[in-house]
1. Note down all Cβ pairs under 9 Å where the first residue falls in the stretch 49-67 and is at positive phi, the second is surrounded by fewer than 14 Cβ atoms within 10 Å (Cβ to Cβ) and part of a strand (DSSP E or B), and they're at least six residues apart or on different chains.
2. Restricting attention to the stretch 9-18, which residues are outside any helix (DSSP H, G or I) and surrounded by 15 or more Cβ atoms within 10 Å (Cβ to Cβ)?
3. Restricting attention to the stretch 20-34, report how many residues are over 13 Å from Ser62 (Cα atoms) and free of Cβ contacts under 8 Å to residues at least 40 places away in the same chain.
4. Going residue by residue through the stretch 61-74, is there one that turns out to be in a strand (DSSP E or B), at pLDDT 90 or above and either charged (D, E, K, R) or in contact with a Leu (Cβ under 6 Å, 6 or more places away or on another chain) (or both)?
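The values are calculated or read from the model by the stated rules, or taken from the named source; none is laboratory data. Keep in mind that this is a model prediction, so the values were computed, not measured. Positions of Cβ are backbone-derived with ideal geometry, glycine not excepted, and every protein chain shown enters the neighbour counts.
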Amino acid sequence: MQPAVAFESALDWNRCHPPGTRVTVRLADGREVSTTTASWAQQWGSFAVLSLACLDGLWTTSALVPALDLFEDAESLGALQ
């Protein structure tokens, strides 16, 4: 029995990561590139895809690691009230 495949919808991604979000993407050759998102994510079948600044093509959100938002993290810990 195979495990259920979980995927992130474009709506889920867009709620937390608007265009301009800093992300890191790992390329096929193993290099990691830091850039920003250049568009809202759009649903393409079971994939959420978007474009990135300075990198051609569409990228799945599962290939991206958003940079930490220091203000959001502090808020979740109750530091800013």
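1. Cys54/Val33; Cys54/Thr36
2. Scanning the stretch 9-18 gives a single hit, His17.
3. Result for the stretch 20-34: 8.
4. Looking through the stretch 61-74, none of the residues is in a strand (DSSP E or B), at pLDDT 90 or above and either charged (D, E, K, R) or in contact with a Leu (Cβ under 6 Å, 6 or more places away or on another chain) (or both).
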